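Participant: So that we are looking at the same thing, I have put the structure below in structure tokens.
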Amino acid sequence: MRFAIALVTLLIAGVLVATGVAQRTVLKPADHVSVAAEVPSGVHYVLVPGDVLRSHDGAQGLHLAGASTTFAGYGRTSDVTAWLSGQRYAELQVDDRGELTKPVVRTAKVVAGLRGGTPDPDGADLWIDQKTGRRSLDWPLRLPASMSVLVASDGAAAAPSDLRLTWPVSTGTPFAVPLIIAGGALAVVGLLLYLWALVHVRRSRGPRRRPPGKMPKRPQPPKYRPQRPASAAPAPGRGRRSVRPRIALGSAVAAVLAGSLLVPAAAPAVAATKTPLASVTEDQAKRIVQRVAAVAAEADEARDAKRLADRFSGPALELRKAAYRIKAKDKKAGLPLAIPVEDTTMRLVLPEATAAWPRHLFAVVEQKGAKKPAPVALALVQQDPRADYKVEYSMGLIGGVKLPDLPSALDGASRLAATTPLLAVEPGNLAADYGAVLRDDQSDSAKEFLTKDDPLVEAVGEAAKKKIAKKLGSTAGITFKDLASDGDAESVLALSTADSGALVAVRLDEQWTVKPKRAGVTVKPSGGTRILSKTDSTAKGITSVYGYQLLFAVPSAGSGKPVVLLGYDQGLVSAKEL
């Protein structure tokens, strides 16, 4: 009987161990779900919407192959479809069970007049992130339902024909380890029982004694003993031996239960990050600024204005183009403020909160660890979904100024109209009003601005202009005139601040005209004016235009606070003979 109990115990132990090992090997389920998309032939773009990516729980995996060049980029679904403006594309779909169905071929709605052609999506500023590969691409993702992925080759070629999505599947085997441990413990108990049975057998077969010399007694008749009914339950065993098997079996059950309780519960799924309201993310803005800075550095070194065309526009482009022309003839001439490229830090990122175009972005970048930091404020604009962000204003921040409280980069800021009455001064009037202050520091507009310690007023204000006129003497006269256009609302960039005010970037073009006062007198321009006008001497006169890029902090209407100049850049942009 003891051997039977030991063998049964060992058998149960073997079954437990085998079951635990099988759960970790042959019985272990697949660790992922994989589905292949049927990409229609001749389609150049494939849209993978967020609901397809979220049709299964967990992180998403994207595999692309079947093209010489593979591209994948993601962004807000509305932005991705806007980039596809007028293009034919295939959109993946899923049914109610989460299974991929046949893709639907659509033509994207035209946005900002973009239609026709086969644009290359690689390098577009619109993507929050992107990946490219040669022949194949594997990209692990974790996107919310509001994001979509665009799959393509180079735009001109058909999209990759092999598109596969994968999701991880929980393959936890919580009972495998407890079963193996319980089986091992039970095997030890079985071995002990087996050894106990062997010892008992040896004791029962000890040395035989010699029979006694006298004759054995006569056999006695059997005594009557009442028989226990067959249905009666066996009496419980007595002594320690009868308790041991039960203790062993109880220990095995306890080990199994304890092991199952020690298995850690599955960690809750991490909630998807809420899609920001801003038109770009902070990382996206940093990447855009780095690209802009690299283009500016190359153009400044080569004095090549053509390289600026892809990343500069408006007054920032005009100032650099004029500076390059002057620098080519005058090696001592300076260049506009350089935008830091390496070892930089973004002091500020403020994107416009919008889903339409054009879009605007305000950023402040400076050299990391510089002894005398020279932060550069950039105002950028993106005209349409496929266009790159271009620098419209590039200004150096004035030392010691404090920027107003700004909204979070996740929320973004609202763009205010040039004629909004919510500010102390309408953004569209700032350039003209400040120009009046530069000509006359006692003008009616002067009370709107904080002119004390204003470095631009000191450099080109009324006092500085009087000194220039005095140097010309009695032979020639000079007049100053602002060319600011109140109707150019698109050049005015006003983004709301957290205190109901606004950051406003405007341009001011100031015309200086020098004329002889009497016959026989000639005007001899110098420096950049002589180079741009291509005139060494003239009896007619010279007109020069100086461009100012201005950044103001404008308080809310009724606050009683003045407008403060936060940064600027200025220089000669044109000159000609009258």
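Participant: 5 Å is the cut-off here: which amide hydrogens, built 1.01 Å from N in the peptide plane, fall below it relative to Ala476, excluding neighbours closer than 5 in sequence?
Facilitator: Here the answer is Lys517, since their amide H atoms fall under 5 Å of that of Ala476.
Participant: Quote the convex hull volume per residue of the range 335-388, based on C-alpha atoms, as a whole number of Å³. Intermediate values should be presented prior to the final figure.
Facilitator: Values: hull volume 5.2 nm³, N = 54.
Here the figure is 96 Å³ per residue.
Participant: Please work out the C-alpha center-to-center distance from the range 133-152 to the range 78-112 and express it in whole Å.
Facilitator: Between the Cα centres of the range 133-152 and the range 78-112 lies a distance of 15 Å.
Participant: Near the amide H of Asp482, under 5 Å away, which other amide H atoms are found, from residues 5 or more places off or on another chain, if H is placed in the peptide plane?
Facilitator: Those qualifying (amide H under 5 Å, at least 5 residues apart or on another chain) are Gln511.
Participant: Karplus couplings for the range 304-310 from phi (6.51 cos²θ - 1.76 cosθ + 1.60, θ = phi - 60°), rounded to Hz, Gly and Pro as x?
Facilitator: 10, 5, 5, 5, 7, 4, 7
Participant: Given the convex hull over the Cα atoms of the range 332-463, what projected area results after averaging over all orientations, in nm²?
Facilitator: For the range 332-463, averaging the hull's shadow over all directions gives 11.1 nm².
Participant: Compute log10 of I(q)/I(0) for the range 283-390 with the Debye formula, placing one identical point scatterer on every Cα and leaving out solvent, at q = 0.13, 0.15, 0.18, 0.22 Å⁻¹, to two decimals.
Facilitator: -0.50, -0.66, -0.92, -1.25
Participant: Take the alpha carbon atoms of the range 384-449, find their center, do the same for the range 517-578, and report the distance between the two centers in whole angstrom.
Facilitator: The distance from the Cα centre of the range 384-449 to that of the range 517-578 comes to 20 Å.
Participant: So, one more: Distances over 26 Å make up what percent of all Cα-Cα pairs in the range 1-151?
Facilitator: Numbers: 4559 of 11325 pairs.
Distances greater than 26 Å cover 40 percent of the Cα pairs.
Participant: Let me make sure I get this right: for the range 474-527, a, b and c are the square roots of the gyration tensor eigenvalues over alpha carbons, sorted descending. Under 1.5 in a/c it's rounded, otherwise prolate if a/b > b/c, else oblate. Which is it?
Facilitator: Because a/c hits 1.5 or more and a/b exceeds b/c, the range 474-527 counts as prolate.
Participant: Evaluate the relative contact order of the range 1-155 (contact order divided by residue number), counting alpha-carbon pairs under 8 angstrom at least 6 apart; express in whole percent.
Facilitator: 36 percent
Participant: Quick one: dipole size for the range 400-553, taken about the Cα centre, charges +1 on Lys/Arg Cβ and -1 on Asp/Glu Cβ, in debye to the nearest 20.
Facilitator: Roughly 1400 debye, rounded to the nearest 20.
Participant: Moving to a separate point now. Taking θ = phi - 60°, what integer Hz values does the Karplus form 6.51 cos²θ - 1.76 cosθ + 1.60 yield along the range 345-350, in sequence order, with x for Gly and Pro?
Facilitator: 9, 8, 6, 7, 9, 9
Participant: With θ taken as phi - 60° and the coefficients 6.51, -1.76 and 1.60, list the Karplus ³J(HN,Hα) couplings across the range 103-112 in order, rounded to whole Hz; mark glycine and proline as x.
Facilitator: Running phi through 6.51 cos²θ - 1.76 cosθ + 1.60 with θ = phi - 60° gives x, 9, 8, 10, 10, 5, 5, 6, 10, 6 Hz.
Participant: Let me ask something additional. Which peptide among 137-147, 370-380 comes first, and what is the full order, when sorted by highest mean count of other Cβ atoms within 10 Å?
Facilitator: 370-380, 137-147
Participant: Now, a different point. Provide the three semi-axes, in whole Å and in decreasing order, of the ellipsoid equivalent to the range 450-578 as defined by the square roots of 5 times the Cα gyration tensor eigenvalues.
Facilitator: 35, 16, 11
Participant: Do me a favour and compute the ellipsoid semi-axes for the range 72-126 from its Cα gyration tensor, root of five times each eigenvalue, largest one first, whole Å.
Facilitator: Calculated on Cα positions only, the semi-axes equal 23, 13, 10 Å.
Since every read-out is calculated from the coordinates, none of them should be taken as a lab result. In this text the structure is predicted, and so the values were computed from the model without any measurement. Backbone-built Cβ (ideal geometry, glycine too); neighbour counts: all protein chains shown.
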